[in-house]
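Just below is one structure, and these are the notes that go with it.
The values are calculated or read from the model by the stated rules, or taken from the named source; none is laboratory data. Quantities reported herein were computed from a predicted structural model and do not represent experimental measurements. Please note: Cβ atoms are built from the backbone with ideal geometry, for glycine as well, and neighbour counts cover all protein chains shown. What goes into the accessible areas is simple: the full protein's heavy atoms, side chains included, and nothing from ligands, DNA or RNA. Shrake-Rupley method; radii C 1.70, N 1.55, O 1.52, S 1.80 Å.
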2 protein chains.
Amino acid sequence: MFADRGYARAGVEEIAEVAGVAKHTVYNHLGDKENVFHAAMEATGNAVMAENVAAAEHLAMDGAADPDAVRSRLEDVANRLLVQCCDPRSWALRRLLNAESASFPDLLESVWGHGADRLRQTLADRMARLSLAGVLRTCDPVEAAEQFLALLTGPMEARSQFGTRPVPEAELRGVVNAAVSTFLRAFQSDHLSATASAAAS
Amino acid sequence: MFADRGYARAGVEEIAEVAGVAKHTVYNHLGDKENVFHAAMEATGNAVMAENVAAAEHLAMDGAADPDAVRSRLEDVANRLLVQCCDPRSWALRRLLNAESASFPDLLESVWGHGADRLRQTLADRMARLSLAGVLRTCDPVEAAEQFLALLTGPMEARSQFGTRPVPEAELRGVVNAAVSTFLRAFQSDHLSATASAAAS
DNA sequence: GCCAGTTTGCACCCGTGAGTGCAGTTGATT
DNA sequence: AATCAACTGCACTCACGGGTGCAAACTGGC
């Protein structure tokens, strides 16, 4: 409801109706429209973040020997992250967070607060391991994670028109490939990229 | 008003009061609250986009000979873009666009429509020139522009908490440096980056 | 000074939606 | 069977805000 109509346009009665419950019951449980909103946001936020972190955790370091494995590993994770990221729930969450963070200042921290941090930190941990294993050049892993995410979500935001347009699979794959290519060019350790380009030629 | 409170919470009477005009006059000129919103969004959108494009146009190709000049040139443009991007008006525009694009489907195209495209194309033009001049490796200039923007705006979104937190100058400078560094590692033509790393060592 | 068009202040209508009160129903426990 | 808690349906209050009508005040042009 909130996702479709926004906070103001979503009526408590409608919400109760959809939930298969009487309006009064909603007030009995949560007391307040603001509380209903907060609860819904928190639940959705936790769910989305858990999925995102789970996707990021697929970036393991086995088979780190050859560069092709690293690339396909990164592409896999990138794909998982983008699929999560393009989920309607995920878009709705970001939209609402963005829209209502001005009206409800505490919303950001309680919903997104450590969520975004956790995703970035999880990714940063994997980056650090890859860096230590000599696959990536030595760099600030947090910065690497941040830019990896930026290369994925940035282009998506523009292409999906803030989530209003469904993005075809092929385009999504293109964004993933472009992001991973750029990321590897910037962060792959020098001797590996040299052997990769030698193998390619 | 719309920026502070969102569409629903912004009252026409308040708007008129702030504008130093009677509510009736607003209705005489624009007829409708929806129209008021549309007009405000369009005006702000055009202004913001004009500034962004102007910032992007600072990426000229003179002094393209040595890599240091390219870096400082990119940093300059990146800084200009980020400053525009962090302007409260700019944040508010994106927030409202994001929030109300579900309720007003035509808003996106009429306000952001070719705006975002124009910025990306403008930047892509400069990228193409740099690529042709041998400063950047041969690549899809649109993709390069897209990722350059992503490397700038992506980290900003997270750090400024969707625009609710003011970002200190130093942090902004850090994002700019990191973005330009990553971009150059990924897109600088090979012989130039070789000479650059040789000069650094 | 006169007039047309615009602006203003004010009161008003009315739809909407948050939140409440109350009486009746259900359902589980003992 | 009795009880107690929660749930339901319904009517209701009340504040808010979009939009309108009207008479008075102002504006520039002749």
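Is it fair to say B:Ser131 is at the interface with chain A (Cβ under 8 Å from one of its Cβ atoms), in contact with a Phe, Trp or Tyr (Cβ under 9 Å, 6 or more places away or on another chain) and without any contact (Cβ under 8 Å) to a residue 60 or more places away in the chain? So that I can check it myself, show each step before the final result.
Numbers: at the interface with chain A (Cβ under 8 Å from one of its Cβ atoms): no; in contact with a Phe, Trp or Tyr (Cβ under 9 Å, 6 or more places away or on another chain): yes; without any contact (Cβ under 8 Å) to a residue 60 or more places away in the chain: yes.
Answer is no for this residue.
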Taking only the range A:125-155 into account, find how many residues are buried (at least 21 other Cβ atoms within 10 Å of the Cβ) and either in contact with a strand residue (DSSP E or B) (Cβ under 8 Å, 6 or more places away or on another chain) or closer than 14 Å to A:Ala178 by Cβ (or both). 13
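Could you look through the range B:6-16, keep only residues that are farther than 19 Å from B:Ala102 by Cα and under 31 Å from the mean Cα position of the chain (by Cα), and pick out the one that is nearest to DNA strand C (Cβ to nearest atom)? Spell out how you get there, then give the answer.
First, the residues of the range B:6-16 that are farther than 19 Å from B:Ala102 by Cα: B:11-16.
Okay, now just the ones that are also under 31 Å from the mean Cα position of the chain (by Cα), so B:11-12, B:14-16.
On the way: B:Gly11: 11, B:Val12: 11, B:Glu14: 13, B:Ile15: 12, B:Ala16: 7 Å.
In this case the residue turns out to be B:Ala16.
Just a yes or no: is a residue in the range A:181-188 more than 28 Å from B:Arg173 (Cα to Cα) and either more than 8 Å from chain B (Cβ to nearest Cβ) or open to solvent by 50 Å² or more (accessible area, probe 1.4 Å) (or both)?
Of all residues in the range A:181-188, those more than 28 Å from B:Arg173 (Cα to Cα) come to none.
The answer is no; no qualifying residue exists.
When you look at B:Thr122, is it farther than 30 Å from B:Asn35 by Cα, within 14 Å of the chain's Cα centre (by Cα) and either surrounded by fewer than 19 Cβ atoms within 10 Å (Cβ to Cβ) or not assigned by TED's automatic domain parsing to the domain that holds B:Leu97 (or both), yes or no? Write out each step before concluding.
Working: farther than 30 Å from B:Asn35 by Cα: yes; within 14 Å of the chain's Cα centre (by Cα): yes; either surrounded by fewer than 19 Cβ atoms within 10 Å (Cβ to Cβ) or not assigned by TED's automatic domain parsing to the domain that holds B:Leu97 (or both): yes.
Here the answer is yes, as B:Thr122 does meet what is asked.
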In the range A:1-18, the residues that are more than 14 Å from chain B (Cβ to nearest Cβ) and open to solvent by less than 80 Å² (accessible area, probe 1.4 Å): A:Val12, A:Glu14, A:Ile15, A:Ala16
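When the range B:67-91 is examined, which residues are found to be small (Gly, Ala, Ser) and crowded, with 19+ Cβ neighbours inside 10 Å? Reasoning before the result, please.
So the first thing to find is which residues in the range B:67-91 are small (Gly, Ala, Ser), and the list is B:69, B:72, B:78, B:90.
Scanning the range B:67-91 gives B:Ala78, B:Ser90.
Pick from B:Leu119, B:Leu74, B:Leu132, B:Leu93: which is under 18 Å from B:Gln188 (Cβ atoms) and touching a helix residue (DSSP H, G or I) at 6+ places or on another chain (Cβ under 7 Å)?
Numbers: B:Leu119 fails: under 18 Å from B:Gln188 (Cβ atoms); B:Leu132 fails: touching a helix residue (DSSP H, G or I) at 6+ places or on another chain (Cβ under 7 Å); B:Leu93 fails: under 18 Å from B:Gln188 (Cβ atoms).
After applying the criteria, what remains is B:Leu74.
Scanning the range A:31-43 for residues that are without any contact (Cβ under 8 Å) to a residue 60 or more places away in the chain and within 16 Å of DNA strand C (Cβ to nearest atom), which turns out farthest from A:Arg95 (Cα to Cα)?
This residue is A:Gly31.
Identify, from the list B:Ser110, B:Ser160, B:Ser101, the residue that is among the polar types (S, T, N, Q) and open to solvent by 20 Å² or more (accessible area, probe 1.4 Å). If you could, list the steps in order and put the result at the bottom.
Values: B:Ser160 fails: open to solvent by 20 Å² or more (accessible area, probe 1.4 Å); B:Ser101 fails: open to solvent by 20 Å² or more (accessible area, probe 1.4 Å).
The conditions single out B:Ser110.
The rows are residues; the columns are (1) more than 16 Å from DNA strand C (Cβ to nearest atom); (2) open to solvent by less than 60 Å² (accessible area, probe 1.4 Å); (3) within 14 Å of chain A (Cβ to nearest Cβ).
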| position | (1), (2), (3) |
| --- | --- |
| B:Gly20 | no, no, no |
| B:Thr25 | no, yes, no |
| B:Asn28 | no, no, no |
| B:Gly45 | yes, yes, yes |
| B:Glu51 | yes, no, no |
| B:Ala54 | yes, yes, no |
| B:Glu57 | yes, no, no |
